[in-house]
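The values are calculated or read from the model by the stated rules, or taken from the named source; none is laboratory data. The model shown is predicted, which means the values in this text are computed figures rather than measured ones. As a convention, Cβ positions derive from the backbone with ideal geometry for all residues, glycine included, and neighbour counts pool all protein chains shown. For the accessible areas, the whole protein counts, side chains as well, though only heavy atoms, and no ligand, DNA or RNA atoms are used. Shrake-Rupley method; radii C 1.70, N 1.55, O 1.52, S 1.80 Å.
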Amino acid sequence: MAFRAARSSFRCWSIWESASPDGRRLATASWDQTGRLWDAESGKPLAVLQGHTGQVVSVCFSPDGRRLATASGDGTARLWIAQESPEEEAKRLALQHHLWHEQQAADAEKAGQWFAARFHLNQLLKDDPNNAGLLRRRDAAEAHLKRQ
């Protein structure tokens, strides 16, 4: 019953909807170029799937409910993670951590902030201690610090 109520509350702008195999999530396709993932019981939004440049005209869960496909009037289809396993979440978080330190290191090097650059490069070297490029960059940051 809550599922039916949640579905009807989205009809005003949804052009396609799909329920997850377990019935706990609802996905909608929308004219606003997004797909959306909802909690079927509460009707609360879980995610907005952005990236299409045309109306999203179809959504469909994978049989295991872990992936969600969207199709758009822009001629593309996209595959989204609808539910991560703990291993997938750990990999995603590790990648985000790595990318953040890489960006911080590059920004610090560009700005001549050598202490910060060395810190972020050392964080990156914890995961990849033999990376020659990171080692060169870290050594250059240390050389700049010694001159200050």
First select every other residue whose beta carbon is under 15 angstrom from the beta carbon of H52; then total the charges, Lys and Arg +1, Asp and Glu -1.
-> 0
With a 1.4 angstrom probe the carbon and sulfur portion of accessible area for region 28-112, in percent, totals 56 percent
With a Förster radius of 25 Å, plug the Cβ-Cβ distance of R147 and N122 into 1/(1 + (r/R0)^6) and report the FRET value to the nearest 0.05.
-> 0.85
Shape call for region 32-75 from the C-alpha gyration tensor, a ≥ b ≥ c root eigenvalues: rounded (a/c under 1.5), prolate (a/b greater than b/c) or oblate?
-> oblate
Residues of the chain: accessible area per residue with a 1.4 Å probe, Å² | 62 Å²
